1. Treating only the Cβ of Lys, Arg, Asp and Glu as charged (+1, +1, -1, -1), what charge dipole size does segment 1-104 show about its Cα centre? Round to the nearest 20 debye.
2. Which net charge results for the neighbourhood of Ser70, defined as the other residues with beta-carbon distances under 14 angstrom from its beta-carbon, given Lys and Arg at +1 and Asp and Glu at -1?
3. Give the long-range amide H neighbours of Gly117: residues separated by 5 or more places, or on another chain, with amide H under 5 Å away, using H modelled in the peptide plane at 1.01 Å from N.
4. Percent relative contact order of the chain, based on C-alpha pairs within less than 8 angstrom and at least six residues apart?
5. I'd like the projected area of the chain, averaged over all directions, using the convex hull of its alpha carbons. Report it in nm² with one decimal.
6. First compute the accessible area of the chain with a 1.4 Å probe, then give the percent of it belonging to carbon and sulfur atoms.
7. Starting from the Cα of Lys43, draw a straight line to each of the lysines and keep only those under 18 Å, dropping any in the same chain fewer than 8 residues away.
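The values are calculated or read from the model by the stated rules, or taken from the named source; none is laboratory data. These numbers come from a predicted model, not from an experiment. Backbone-built Cβ (ideal geometry, glycine too); neighbour counts: all protein chains shown. Surface accessibility is based on the protein's heavy atoms, side chains included, excluding ligands, DNA and RNA. Shrake-Rupley method; radii C 1.70, N 1.55, O 1.52, S 1.80 Å.
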Amino acid sequence: QLQLVESGGGLVQPGGSLRLSCAASGFTLDTYNIGWFRRAPGKDREGVSCITNNNNTDYADSVKGRFTISRDNAKNTVYLQMNSLKPEDTAVYYCVVTMRKYHMCIFTPVRDSWGQGTQVTVSS
């Protein structure tokens, strides 16, 4: 079964950090573009960050300078390092395979199929 599994969420105070993991099973993700999305309560799902198979990256304006996406192909995992977290970062975070346009990934999932996600709560 081909799937991506998110982990690493939790409760953190404003200004704190978390690292999310997106682990692939059933396939190797080194040839895929991977994106992180999030859905906050009462809001639509939005793209947060993505990384191409050759490590080009993109970020939503709201997280630029605070979040860093990376991949470790040896571990078949993509990470999202989140620093300087804000209450508005509170959401369920998901990772999926995304499409690309020219040399860049874009915030469009290849399939509208989502895993369980991992909850991130930023609160004092």
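1. Values: 12 positive and 9 negative charges, 9 e Å.
That gives segment 1-104 a dipole magnitude of about 40 debye.
2. Numbers: positive: Arg19, Arg71, Lys75; negative: Asp30, Asp58, Asp72.
For residues surrounding Ser70, the net value is 0.
3. Answer set, sorted by chain and number: Glu6.
4. Working: 315 pairs, mean separation 42.8, N = 124.
With pairs under 8 Å counted, the relative contact order is 34 percent.
5. Working: hull surface 28.5 nm².
Computing the convex hull of the Cα atoms and averaging its projections yields 7.1 nm².
6. Numbers: 3080 of 6690 Å².
Answer for the chain: carbon and sulfur cover 46 percent of the accessible area.
7. Lys86
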